[in-house]
Amino acid sequence: MLDVGIILKWAAAGMFGGAVALLAFAAWGLLQRQREIGAGRAAGTSMRRQEMRELAMVSSPLYRFFLPLISGIAVTVDRLGLDPLRQYVQGPYARAGYPGGLDDDEIVAAGILVAISFTLAIGFVTTALLGVSFAWLGLVGIPLGFVALVAHLQSKADERQTQIMRALPYALDLLVLMLRSGTSMRIALARVIDDYQHQPIGVELGQVLAEIDVGAPRAEAFKKMAERLKIADMTALVDAIVQSEELGWPLAETLESLADRINAERILQAQATAGAAGVYVMLPSTLVLLSAVLLLFAPFIVTYLVTGNIV
C-alpha cells in the first residue's frame, strides 16, 4: 500500500515546483510585454545609475532576463508606496555604488523577488523534511530575503568604502598638486577622475563633476556625495571645499592640511594594528615553543614514567 505521508510530500513538492515554473513563465511574459516600462524607468534614473544599468545589461544575461520582471513589480511598489522598505534598502544600495543601476522602487522589487525565492525554498525544504503541516515556515523567507539583500549590499558597501579610504590620500595629493599649478577646480577634478576612473573614488568624483556640468552648484554636488557615502573623511573633504568657497580660504592649503591629517591618522592606525598583531602572535608562538620543549624532553619524560629513572 502507498504511504499517504509520502504522497502528500510529493504533492507538496509538486505544488512548489509548479509555483516556481509559474514564476519563470511570468518572468518570460513580462520580458516580452514590459520592455517599454523598463526603458521608461531607466530614463528616469540618475546618470550614474543609467551607466551602471547599461553595463549590467551588457555583461549579465540573467540581469537582462529579470529586469523586465523587476520593472513590472516596481510599478506596483510605486503605487503601494512601501516607504519603510525603500528606506531600509536605499542607504546600503547607495553606499554600494548602485550595482545594476536600479532605481529605488526597482531595488525594493528585487528584494521582493529574493523574498519570494527564499519563501519557496524554505517552504519546499520544510515540507519535504517535516510534512505539509510545517509549510507555513516558508513565510520566514519574506523578512529573511530582504535581510539577505541588505546584508549583501552592506558587504559591497564596506568593501567599496575601504577602497575609497585607501585611494583618498593619494587623490588629495594629486588634487593639491593640480591646484598649486594654477589649474581650476574643474580641471583638477577631471584629472583625478581620469587617473581613478576604474576605482570607486573616481566614480564618485565623476558623479560630482557630471552634476556640476549640468548646472548644479558645486557645493551642493559635493554635499550629495557626502550624503551618499557617509564616510567621515569624505565628509571632512566636502566641508573643507564648502568652507573654502564660502570664506575665501585657499583651497589648496586646506586640502593639503586635510591630506596630512588623513595620512597621520593612517600611520597611527597602522601602528596600532601592528601593536595588536604582536599580542595575537604571542599565543601561537607560545604553543610552538611548548611543542618544541615537549619534543625535546619527550624521551626523558617517557623513560621516567616507564622505569622511574631519567636515564
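Please treat every number below as a calculation from the coordinates, not as lab data. Here the structure is a predicted model, which means the values were calculated and not measured.
The table for this structure:
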{"read-out": "Contour minus Cα-Cα distance for Leu287 and Leu130 (0.36 nm per residue)", "value": "51.9 nm"}
{"read-out": "Within straight-line cross-link reach of Lys224, aspartates and glutamates at Cα separation under 16 Å, skipping those fewer than 8 residues along the same chain", "value": "Glu204, Glu211, Asp213, Asp233, Asp239"}
{"read-out": "Set of aspartates and glutamates near Lys230 by C-alpha distance (under 12 Å), chain-local residues within fewer than 8 positions excluded", "value": "Asp158"}
{"read-out": "If the convex hull is drawn through the Cα atoms of the range 137-273, its volume per residue in Å³", "value": "140"}
{"read-out": "Equivalent ellipsoid, the range 130-205 (semi-axes from 5 times Cα gyration tensor eigenvalues, Å)", "value": "48, 10, 7"}
